[in-house]
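A short worksheet on the structure shown next.
The numbers here are math on the coordinates, done by the rules we state, and not lab data. This structure is a prediction, so every number in the text was calculated from the model and none was measured. Note that we place each Cβ from the backbone using ideal geometry, even for glycine, and neighbour counts take in every protein chain shown.
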Amino acid sequence: MSIVVKGMEIPKNCTHCDSIGLNVAIGCPVMTGINGRATDCPLVEIPEKHGRLIDEDDCFKYMTTNNAPAWEVLKYAPTVIEAEEQE
């Protein structure tokens, strides 16, 4: 399972993660990268101003099992992460 912390930017290096206790919370496997992030850093950035995010695998399974049109599946698919406000 993953977590999303809204409004938080990815720390620039492992030392910063350590100073805010994030490395323990995310189970960071490495404490290196003082001049940058470790190559196996588990943090992933979600682009700003994205639309709602849905589970593609669930949609595809529903569409093929129920012979439902794609527009219907996408329209009624449960939201995994809400859309951010778009300007």
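Taking amide hydrogens as placed 1.01 Å from N in the peptide plane, the amide H of Ala38 sits under 5 Å from those of Cys14, each at least 5 positions away in sequence or on another chain. Working note: Karplus 6.51/-1.76/1.60 with θ = phi - 60° gives the range 39-49 the couplings 5, 9, 4, x, 6, 10, 8, 9, x, 5, 6 Hz, where Gly and Pro are set to x.
For the range 47-87, which semi-axes, largest first and in whole Å, follow from the square roots of 5 times the eigenvalues of its Cα gyration tensor? The partial results should precede the final answer.
On the way: eigenvalues 111, 18, 9 Å².
Those come to 24, 9, 7 Å.
Projecting label points 7 angstrom from Cα along Cα→Cβ for Val4 and Thr64 puts them 2.6 nm apart.
Two decimals, Cα atoms only, Kirkwood Rh: what is Rg/Rh over the chain? Could you put the intermediate results ahead of the total?
Values: Rg = 17.7 Å, Rh = 15.6 Å.
Rg/Rh for the chain comes to 1.13.
Scanning residues 5 or more positions from Ile81 or on other chains, those with amide H under 5 Å from its amide H are Leu53, with H placed 1.01 Å from N in the peptide plane.
Work out the length of the dipole vector of the chain about its Cα centre, built from +1 on the beta-carbon of each Lys and Arg and -1 on the beta-carbon of each Asp and Glu, and round it to the nearest 20 debye. List each step's numbers first, then the result.
Numbers: 7 positive and 14 negative charges, 31 e Å.
Dipole about the Cα centre, nearest 20: 160 debye.
Secondary-structure-derived ellipticity at 222 nm for the chain, considering helices only, amounts to -8000 deg cm²/dmol, per-run term -39500 (n - 2.57) for DSSP H runs with n ≥ 4.
Think of the chain as a dipole: +1 on every Lys or Arg Cβ, -1 on every Asp or Glu Cβ, centred on the Cα centre; then among Ala38, Pro78, Asn67, Ala38 lies furthest on the positive end.
Would you mind calculating the relative contact order of the chain from Cα pairs under 8 angstrom and at least 6 residues apart, reporting the percent as a whole number? Once divided by the residue count of the chain, the mean separation gives 26 percent.
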